[in-house]
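The values are calculated or read from the model by the stated rules, or taken from the named source; none is laboratory data. These figures come from a predicted structure and were not determined experimentally. Counting neighbours? That spans all protein chains shown, and the Cβs are built from the backbone with ideal geometry, glycine included.
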Amino acid sequence: MGHSHNNKKKIWSRREFLMRSGGGIAGVALASMLERDGVFAAEGLLNADQCGVQVPSAFSPKLPDFAPRATNVISLFMSGGPSQVDTFDYKPSLTKYAGQPLEDLIGTKFAVRQGMPGPLMPSPFEFKQHGDSGMWVSELFPHIAKHVDEMAFIKSLYGRSNDHIQATYEMQTGQIRMGFPSVGCWVTYGLGSESSNLPAFVVMNDYRGGPLGGPNDWGSGFMPASYQGTLFRSSGDPIVDLETPQNMTQDQQRARLNALARLNQMDMEKYPGNSELAARISSYELAYRMQGCAPEAIDISAESEATKKLYGLDEAITQPFGTQCLMARRLVERGVRFVQLFMGGVGVQNTDTWDAHSNLVENHTLHAKESDLPIAGLLTDLKERGLLDSTLIVWHGEFGRMPISQRGVGRDHNPGTQTAWMAGAGIQGGQAIGASDEWGYKAEQQPVSAHDMHATMLHLLGLDHEKLTYRYSGRDYRLSDIEGKPIPQIIA
Amino acid sequence: MRALLVSLKPKRAFLTAFLSLVCAPSLIAQSESPNVFTHEIRPIMERTCWNCHSEQVKSSGLDLSSREAALAGGIRGPAIVPGNAEESRLYRQLAGLEGPSMPLGVPLDESEIEAVKNWINSGAEWDEGGTSVVSSDQFSAFATDVPDSARQYWAFQLPKQQALPTGSNYDHPIDKFLEAKRRESGVIPAPSADKLTLLRRAHLDLTGLPPSPEETEAFLADTSAAAWEHLIDRLLASPHYGERWGRHWLDVARYADSDGYEQDVDRSNAWRYRDYVVDAFNEDKPYDQFITEQIAGDELDVTTHDTRIATGFLRAGPRVNFREKDNPERRWDYLDDVIATVGRGVLGMTVHCARCHDHKFDPILQKDYYSMTAAIFGYVETEYPMLPEEQAREYLLKTSELDERVSAVREQIRAIEQPYVDDLKVARIERDFPVDVFEAVLTADKDRTDGQKLLAAQVLTIGVPRSQVDSTMSELDKTRRAVLRSQIEGIESNRPEEPPMLEIVTDGDYRYTPDRAGDNVLGCPECRIKPEQPGSFLHDGPGRYEVPPAPFLIRGDPFSPGPEMTPAFLTVATYGEPLTEIPRPNGRTSGRRLALAQWLTSAENPLTSRVWVNRVWHHHFGRGIVATLDNFGRVGDQPTHQELLDWMAVEFVDQGWSTKDLHKLMMTSEAYKMASAYGNDANVQNDLENHLLWRYRPQRLEAEAVRDVIMATSGGIDLAVGGEPIFPYIPQEILDTAQAYGRWDNQLDGPEVWRRSLYVYRRRTLSFPFFETFDLPDQNITTASRNTSTVAPQALTLLNNPFVLGQAELFAKEIQERAPYDVDRQIELAYQSGLTRLPTVAEREVGRQLVESGSLTDLTHVIFNLSEFLYKR
């Protein structure tokens, strides 16, 4: 592109420009457009047909450190903490030792999050082996179970906090304290955007509300705010302030934008070498394109009936999360780098999230039913469209649950271990990595930390987790901190 | 991978064995065979090399934990050539013969460098144990002093009164210093900006509000030589000055109106601290006093509500606000929050990096960290009635006495209700829980299996609805209970009305912290850890208050306490022997925080004045002389004009720590008055980033200022100063994304919420969307300088946000009233109010087209979107 930024005098360092223009939403192609009068002409870009067209840009995407296995991520966060011993971590010993105190078996005292510990409680759900690999899955996930040969199970993911919020921060940012950038930010920071019409990092919440921990779960912490996830709503306008207000016509908006561009252009000439002003002008162009493209990206009306059925949109119980999974696929197709879905949202915590303190059977049956078919549909759909190899799917919660009962009906929090799984990205499926102890209480073989999980994700995206650093307050921070290591079986 | 795992195991064992010896260095020395490596080299390596060059952490590929690894070397080649120190990189870099000098941070002493040289020359032998990589964390308790060389670093030297550079054409000292540096590089300064640009710059800078057309006229009319000074004086006297500069300090103080975390409890009186800060700036409270009040406002000889409110600084960070007593690590996190804030905010040092080990880059010892935590270890958060001192004490005594009486009667009520509650519990368990649970409850305690005991204990903590208790209770018991209840009413009728309660910090004993808001959320009093012996949360005589034991924490682990610490400060920045405890006449607090405050604000503290002067400079000039405002250490940016910084720091202290004088000093320089619209290719070649200040640096307004300037321009702004926070409208769908807890009293858009952005409620778990879009910093940690991004969501907000559009309409309406039917005049007025200048011919043309084909609102809305509108330039 003859008028790309490269031909202009380099005023900022690349890093500074990316910071200021926001890496994530960087797509900038201003020069040629500015030379025309009326950038925002009626025949301009506010046309969904053109959303697939990538506007060339000198700034994004950025190059990975080595050949990536995947270019996009869909992260499925199960808010509230699903129970490993009732889903993917089959523990016959719970039946054998049912009703006995765990303390006697492991020989140490321990604390639980809510009140006092109960005795061991067998899973009320039936487990079976599935696929060629013979992975154990409980009856909660009949549809996901069909994909086990494509899934790598991490049976020893542990955390450091038994508090929802702090545990969620740890899984999302690596740190249990507030104020650190989330995985999606790091990925956006490392790889930039593939789309010049959409944000690079999109978040969608459960229909019942946001996850425990709120916007800090996808926040940018000490990084510039532009790296944070952009929250898309699954109904109405996807982004706040995206749509032109009702009392303003498109012609009126175009007139304002054209006048604005001319005045800003005149102003810029008074400030030689100030590329921030150029970036501001182009940010209006991207805003204009997003107005057309963001609604198109999540408009599922054009999808076939068969596709909708695949995601369970025809059933009330699967419709909400199915819609989000389908939107996630559409976003990935359109170049969104990182899609973060939250399953479970804060309304009534014990029932609206996986936080099954008081009724394990009812709670997990509901949430599994809501998500099983949609997630299986997503895996099938991505595979059929040839996107599964380039998309990493990650599934986990903030922690697992205790193998002991809470008042005979529920399970308390357990940061000691949970089962996470990854699929896509060319990962060897049908394998179980690490293991919890006999009771599913603590990670025993190959314990995997959030730092390890994050290092693995970065590696699959072609980023060297040791080199991806951000300098803040005199220290080069890493998502994987100082001890994270990619999981060898997954990156093999 | 396998090799690593195998080799790690024996080390772990060594580590564990070692922990118990941490504070007994002599034992270690005796247990090793006498050897040069063990006695001389190993301590150096442990302290300065192995943090970064070990088997686990190989900076530059180099592992110095074993002879083999050191000989193999890193990406630069072998580190050691045995027998030849001069050829050994290790020695060369330690001795500064080759860059980069090692270790980062504090250079070794001459004698240590000599020891390394001799050791290499004699063959660089490792003795037994040398391959055991023990992180220096384990040894930190030993390091009690820093080498003298560490004190040579510029920021730890006391600033000296610098002689003004000579031979300059400038009169102003600041310009003399700047000119000297510019000359060295041959860059040419920009000419002065025009009067209107300067007027707008000064207004935005000092008050965060644009000049009104009347103010503009008055300034233009003042043709005296002192017009500029008059303007500065007038702005410094404005109450809006304190709002603007108070906001900068609130960034440092990580201020918010809620606790954060899961419950995000409302801090209903936090705003009083915010107002305290605003007032402090408006009064030009000397900075040393300002800091002292915030660190130790409860310990002063004369305490007032203001000084007590000031301690809100210490507790302004995020807090979980429950289960504190059962989670000792939380208290350490709070202390760390305070240390980090004082360190980065006041001292410009990342002291908190030394929580688990000696600082990796700066000469800050882990010992320093725990000496400083000892200095604040009395720290407890409490509430204090906003009443005259005697009345306040009376109020506290009275309420605690009433509380005791009420709880005694409550206990009697509970005794009456308990049998009914128990019956109802059993009924509920039978109905709502599985059979095995019910069986466990029915089985007599002695016959229960271990598992049944657990189940029974768990399930018996369930609650039953109050209405059921009432409906099953006998009439007699109801009557008895009613009598008791009326007793409570009688007691309560004596309860004094609750005055506003100040959210303060004082000394106390954290082990007796009363239940917090969130303790009831858990609702399991049986699960709480009880104190080992009776004691009180706040000390109220007899005798003097004693600080609870403040331990050193091994590796920063709250469950691995080391020796008890006495208070002290940063070793490397301590001159003389400052007091570490200043006994208070009333004996209620320790006086340790007062001593800390005195050290911080002493003329013998090399950091505090420099750091503040630098922050003020940053806000005026867009970049600090030290660009990393919160980090004056080795890995922070080095000063561009150290002599100037030191000169100003000395002036500042000599002139009585007056921030207003500092503003005037900086703003009366020619450097401040330079144009920003100035190009010079040669300058760009020499100094791309404008470090030498050859033109004024344009700065995008902060989030709050963008909103304020919009409202001030439209004329809609309500400029009332101080008071309770406001809650401007947030669409429900955004509120839905936040967590369930936390306060937001959504108010519809309108004049009641058109107050300055400073007053918008700061909720930790939900940023106000407009602010977030314009780079509101994280509110949970002290902010250095704000980021400035230029992204599409900012454009969307300014284009489509209903508040912005409403303000554009208001702006248009106001102009219309002043100049009906006269489009040219309307355009002029829009430019004068919006941009403090008249439009150019070309701009008039664009404006006219816009207004004539649409409306005046089209133009006023466009003005809010102009780059020029969003910048101080």
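For this structure, a couple of remarks:
- Qualifying residue in region A:115-130 (condition: crowded, with 22+ Cβ neighbours inside 10 Å and under 25 Å from residue A:459 (Cα atoms)): no
- First in region B:416-430 and among the hydroxyl-bearing types (Ser, Thr, Tyr), second anywhere and surrounded by 13 or more Cβ atoms within 10 Å (Cβ to Cβ), Cβ under 6 Å, 6 or more apart: B:420/B:469; B:420/B:472; B:420/B:473
- Test: residue in region A:217-238 that is surrounded by fewer than 23 Cβ atoms within 10 Å (Cβ to Cβ), at the interface with another protein chain (Cβ under 8 Å from one of its Cβ atoms), touching a residue at least 12 places away in the same chain (Cβ under 8 Å) and not aromatic (Phe, Trp, Tyr): yes
Quick grid of which residues meet (1) assigned to a helix (DSSP H, G or I); (2) closer than 18 Å to residue B:422 by Cα; (3) away from every other protein chain (no Cβ under 14 Å):
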site	(1), (2), (3)
B:451	yes, no, no
B:457	yes, yes, no
B:461	no, yes, no
B:482	yes, no, yes
B:496	no, no, yes
B:503	no, no, yes
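- Hey, residue A:370 free of Cβ contacts under 8 Å to residues at least 40 places away in the same chain and either in contact with a helix residue (DSSP H, G or I) (Cβ under 7 Å, 6 or more places away or on another chain) or assigned to a helix (DSSP H, G or I) (or both) or not: no
- Some residue of region A:392-405 being touching a His at 6+ places or on another chain (Cβ under 9 Å), over 17 Å from residue A:91 (Cα atoms), in contact (Cβ under 8 Å) with a residue 40 or more places away in the chain and not in a strand (DSSP E or B): yes
- Single condition residue A:414 does not satisfy, out of (1) at pLDDT 95 or above; (2) in contact with a Leu (Cβ under 9 Å, 6 or more places away or on another chain); (3) within 19 Å of residue A:166 (Cβ to Cβ): (2)
- Residue in region A:181-196 that is aliphatic (A, V, I, L, M) and modelled with pLDDT under 90 present: no
- Top-ranked residue in region B:770-787 [being part of a loop (DSSP other than H, G, I, E, B) and in contact with a Ser or Thr (Cβ under 7 Å, 6 or more places away or on another chain); ranked as nearest to residue B:630 (Cα to Cα)]: B:784
- In region A:268-308, the residues that are under 23 Å from residue B:787 (Cα atoms), touching a Leu at 6+ places or on another chain (Cβ under 7 Å) and either without any contact (Cβ under 8 Å) to a residue 24 or more places away in the chain or not polar (S, T, N, Q) (or both): A:268, A:271, A:278, A:281, A:284, A:285, A:287
- The number of residues in region B:357-372 being touching a strand residue (DSSP E or B) at 6+ places or on another chain (Cβ under 9 Å) and within 11 Å of chain A (Cβ to nearest Cβ) comes to 2.
- The set of residues in region B:741-776 that are within 10 Å of another protein chain (Cβ to nearest Cβ), touching a residue at least 40 places away in the same chain (Cβ under 8 Å) and under 21 Å from residue B:795 (Cβ atoms) comprises B:770, B:771, B:772, B:773, B:774, B:775, B:776.
- Filter result for residue A:318 (over 25 Å from residue A:200 (Cα atoms) and in contact with a Leu (Cβ under 7 Å, 6 or more places away or on another chain)): yes
- Being within 19 Å of the chain's Cα centre (by Cα) and either in a loop (DSSP other than H, G, I, E, B) or among the small types (Gly, Ala, Ser) (or both) holds for only one residue in B:310, B:225, and it is B:310.
- Filter result for the condition that a residue is buried (at least 18 other Cβ atoms within 10 Å of the Cβ) and within 30 Å of residue B:785 (Cβ to Cβ), over A:410, A:424, A:484: A:484
- Residues located in region A:375-393, provided they are surrounded by 24 or more Cβ atoms within 10 Å (Cβ to Cβ) and either outside the structural domain of residue A:461 (by TED's automatic domain parsing) or β-branched (Val, Ile, Thr) (or both): A:375, A:391, A:393
- Criterion: away from every other protein chain (no Cβ under 11 Å), closer than 19 Å to residue A:448 by Cβ and over 18 Å from the mean Cα position of the chain (by Cα) - qualifying residue of A:128, A:155: A:155
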